[in-house]
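A short worksheet on the structure shown next.
The values are calculated or read from the model by the stated rules, or taken from the named source; none is laboratory data. This is a predicted model, so every value here is computed, not measured. Here the Cβ positions follow ideal geometry from the backbone for every residue, glycine too, while neighbour counts run over all protein chains shown. Surface accessibility is based on the protein's heavy atoms, side chains included, excluding ligands, DNA and RNA. Shrake-Rupley method; radii C 1.70, N 1.55, O 1.52, S 1.80 Å.
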Amino acid sequence: MLSRRRALSLTATAIGAMAVGAAGRTAARAAADSRIRHIPYGACVNYVPLNREFEYRTALKSYCDQLTPEGGLFWFDLRPARDQFKFEMADAMLAFADANEMTLRGHTLVWYGAMPDWTKAISGAAEAEREMTTHIERVMGRYRGKIKTWHVVNEAIDDSKGDVPGLRPNIWLQNLGDKYIDLAFRAARRVDPAAELVLNDYGLEAADGVAPKKRQSFLKLIRDLLDRGVPLHGVGLQGHILGEHQIDRDGVYEFVAEIRSLGLSVHVTELDVIDKALPGPVAVRDAVVAARAYDFLEAICTAIQPSIIATWGITDRYTWVPIYNKRGDGLPNRPLPLDANYQPKPLWRVIDYFCSK
Ligand code: XIL
């Protein structure tokens with residue numbers, strides 16, 4: 001229960017007075033949380049506030065052990081044209097992480113989303129394999145030894161239909177068939193044999209009748225990949241939790257225990273709680289958000305020690321949630337650990353509890 005949360009040592013004044021700059025992350029982190037973490041905490045980083053907002057950078061330095069580019073490693077950021085590779089954003093994020101004793105995660109090499117228009121012209125198996133392989137070689141190759149964990153394939157399962165949903169349509173499936181996932185992981189393995197290669201997906205946790213089917217297909221895919229000797233090391237549960245549903249704690253526990261029994265690591269990669277359908281009053285909403293995350297993380301952490309707990313953003317000021325999930329009452333969304341003024345919310349205390357318990 002939430003009553004098991006630890007009291008937070010952080011005060012508003014402590015954040016305000018936090019030393020950054022020369023003293024860097026250590027002093028900032030010490031002010032935010034002096035406890036030892038057994039599970040690292042991470043957040044996705046957005047390039048725009050990273051460049052223009054001191055408080056944003058301070059929050060990342062203070063709270064995070066790891067960052068994930070929110071954009072910057074997407075095809076449409078890296079490859080505006082077929083023969084062009086633009087690494088400025090990702091390089092800058094890596095430099096920020098490096099300078100502040102954080103690591104950077106690779107998100108993502110193969111995904112149906114965030115594709116530049118020119119990729120629609122890719123046609124036939126040979127061309128698709130060549131384009132995918134070149135991409136993985138150039139991008140992973142550039143960050144070999146620096147980005148140590150990659151979401152190689154993102155959101156492979158099609159949850160829109162079927163009792164046991166199949167693979168989601170994308171240009172790779174269309175041109176290469178099911179083996180596109182094998183090809184991606186094998187290419188990634190060749191480029192950086194030391195990297196941890198992760199399959200990442202969402203929609204696995206809600207007690208909504210859909211998630212069990214998705215878990216079933218996801219597990220089938222994972223087992224098939226392992227049976228074929230595909231170099232898959234870890235599974236990412238994004239955790240874009242729909243606040244209106246309870247968490248299927250037993251379902252999540254059993255799923256994660258099964259992944260563990262297959263010898264794979266588990267990563268919480270994109271946690272946030274979508275509060276579109278939750279009550280308006282802030283205290284109530286924040287409590288439900290925290291409770292959902294608690295149930296989700298407790299189910300996972302009972303089955304395994306996840307490699308990371310990462311949220312999809314750190315502050316309600318910068319979140320993707322309103323793009324698709326604006327509230328009907330016009331109130332701003334509150335899906336993340338810090339509010340829009342960088343004050344920690346109950347969700348932060350839940351995350352802190354699991355990372356340091
Ligand atoms: C979202 C970003 O937050 C947006 O800024 C971007 O426009 C689209 O992608 N699952 C994922 C993430 O794996 O990459 C998505 O991030 C959210 C859903």
Which members of the stretch 60-93 meet the condition of being crowded, with 22+ Cβ neighbours inside 10 Å, in a helix (DSSP H, G or I), in contact with a Leu (Cβ under 9 Å, 6 or more places away or on another chain) and among the hydrophobic types (A, V, I, L, M, F, W, C)? Leu60, Ala90, Met93
Qualifying residue in the stretch 41-48 (condition: of a type outside the set (Phe, Trp, Tyr), more than 16 Å from the ligand (Cβ to nearest atom), over 16 Å from the mean Cα position of the chain (by Cα) and surrounded by fewer than 19 Cβ atoms within 10 Å (Cβ to Cβ)): no
The lone condition Val164 fails out of (1) closer than 21 Å to Gly203 by Cα; (2) of a type in the set (A, V, I, L, M); (3) in contact with a Leu (Cβ under 9 Å, 6 or more places away or on another chain) is (3)
Taking Tyr180, is it open to solvent by less than 10 Å² (accessible area, probe 1.4 Å) and aromatic (Phe, Trp, Tyr)? yes
Suppose we keep only residues that are assigned to a loop (DSSP other than H, G, I, E, B) and buried (at least 17 other Cβ atoms within 10 Å of the Cβ) within the stretch 154-165. Which one would you say is farthest from the ligand (Cβ to nearest atom)? Pro165
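Yes or no, residue by residue, for (1) closer than 19 Å to Cys64 by Cα; (2) without any contact (Cβ under 8 Å) to a residue 60 or more places away in the chain:
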site: Gln305; (1), (2): yes, no
site: Ile308; (1), (2): yes, no
site: Tyr324; (1), (2): no, yes
site: Arg327; (1), (2): no, yes
site: Pro337; (1), (2): yes, no
site: Asn341; (1), (2): yes, yes
site: Lys345; (1), (2): yes, yes
site: Tyr353; (1), (2): yes, no
site: Lys357; (1), (2): yes, no
Residue match in the stretch 88-102 (condition: of a type in the set (S, T, N, Q) and away from the ligand (no atom under 16 Å from the Cβ)): yes
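Does Pro332 satisfy the condition of being under 23 Å from Gly71 (Cβ atoms), open to solvent by 10 Å² or more (accessible area, probe 1.4 Å) and over 20 Å from the mean Cα position of the chain (by Cα)? Show your work before the answer.
Numbers: under 23 Å from Gly71 (Cβ atoms): yes; open to solvent by 10 Å² or more (accessible area, probe 1.4 Å): yes; over 20 Å from the mean Cα position of the chain (by Cα): yes.
Yes; evaluated as a whole, the condition is true for this residue.
Out of the residues in the stretch 319-328 that are assigned to a loop (DSSP other than H, G, I, E, B) and within 9 Å of the ligand (Cβ to nearest atom), which is surrounded by the fewest Cβ atoms within 10 Å (Cβ to Cβ)? Step through it out loud before you land on a result.
Narrowing the stretch 319-328 to residues assigned to a loop (DSSP other than H, G, I, E, B): 319-320, 326-328.
Among the residues that remain, those that are also within 9 Å of the ligand (Cβ to nearest atom) are: 319-320.
Working: Thr319: 24, Trp320: 18.
So the residue we want is Trp320.
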For the stretch 336-347, what are the residues that are more than 13 Å from Ala43 (Cα to Cα) and surrounded by 14 or more Cβ atoms within 10 Å (Cβ to Cβ)? Asp339, Ala340, Tyr342, Gln343, Pro344, Lys345, Pro346, Leu347
